[in-house]
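*Asks:* Take this structure first; my questions come after.
The numbers here are math on the coordinates, done by the rules we state, and not lab data. Small disclaimer: the values here were computed from a predicted structure and weren't measured. Note: ideal-geometry Cβ built from the backbone for every residue, glycine included; neighbour counts use all protein chains shown.
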Amino acid sequence: MESFEKIQQALAQIQAKIQENSAFSLDVFWALYESLVQIRESFHAAWQKQQPQECLLQLIQAENQVHDAIYANVASYAQENQAKIESWAKIFETKMRMLMQDVTQSPAVLGAQFRGYASEVLFLKRLLNRLNQAAEHSALANIFSEIHQLELHAETIPQWRKDAVIMQQFNDLKGKLLEKEVQALQHQAQILCNSEATPDLDQLAQAFLWSDNLYAQTLDRPDQAAICEQKQIELRSKMLNEMGKLSGQKKIQFIADLILEFQESVHEALGNNTDDASLSKCLQNLSKMSEEADWLEKITEELAKQPDTKDAKKYLRKLKKLQKYLAAEMQERQLQGRLESIFGKRFV
């Protein structure tokens, strides 16, 4: 689709299909969902030339109708939809990571695309919760990435930041999200660490990384940060205990995956630091990540000493490289702090 006229025609066809399917069919509405994803991407491409509000409203209305219909009915089709939803969520998360490295488009278009993908990820994670109310699925990284993008693009609207009411509501929203995420983390950690059944190691690893991510967001809320830190200690202990039950090669594979995911989370966390972020918070976060890297190094070194897990040495080299990177970042921020104490804060 190259023009808004074609986009509007496609949206009219989707609206007609929605009306035709008053008796819900999940296959039909998943097909409509996929079509709307493609239309949204075409819309962003065309948006660089013009910004028709009428077409945007039509798109949002169709998306909301399809989202609401799927959400209301998906619980009746639990088994066949779990994998589909998780697959879509991974696709959008990958697209979001790619956008963060895109320098070919304008900030306005990138911001619109990012918010669109973040919205879809949040919708899909709500569906996962709908399918399994007992499970906790974190949307933290996506929500805060979206908020981060909103903050960046709000720089083009100075009056937005000058409005005390809007800023207070914005900060209240972030605070409430944090409280809910910490509660969800507590619930998930309790299930994984205290269950009599053998927990899934991948779930333990994901909860561990979740607590690490959440800790970075709660640095200005000491009570919430303390909870995250305590849960991380509990998850570490449980992971080590369960990892000890694995065979040599499975141990290596698990630690390799954990190191890779930790490495990605470090680069994402440092890449998302805004210029107005508190230097002290940044140093606290770097210190925490260095501590986690040291812990991973310790358990990887133990593996490398064992006859059946000598291959762990190559992952140990990756960790040492990451530790050097963190140390260099720490030195740079400390130097920045000393310079700012002498010459004042820089505004670039």
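*Asks:* Treat every Asp and Glu Cβ in region 204-259 as -1 and every Lys and Arg Cβ as +1, leave all other atoms uncharged, and give the resulting dipole magnitude about the Cα centre to the nearest 20 debye.
*Replies:* For region 204-259, the charge dipole is close to 320 debye.
*Asks:* What lysines sit close enough to Lys305 to cross-link, taking a C-alpha to C-alpha distance under 27 Å and skipping anything fewer than 8 places away on the same chain?
*Replies:* Lys238, Lys245, Lys250, Lys251, Lys288, Lys313, Lys314, Lys318, Lys320, Lys321, Lys324
*Asks:* Across region 174-187, in residue order, what do the Karplus-derived ³J(HN,Hα) couplings come to in whole Hz, using 6.51 cos²θ - 1.76 cosθ + 1.60 with θ = phi - 60° and x for Gly and Pro?
*Replies:* After applying 6.51 cos²θ - 1.76 cosθ + 1.60, I find 4, x, 5, 4, 4, 4, 5, 5, 5, 4, 5, 4, 4, 4 Hz.
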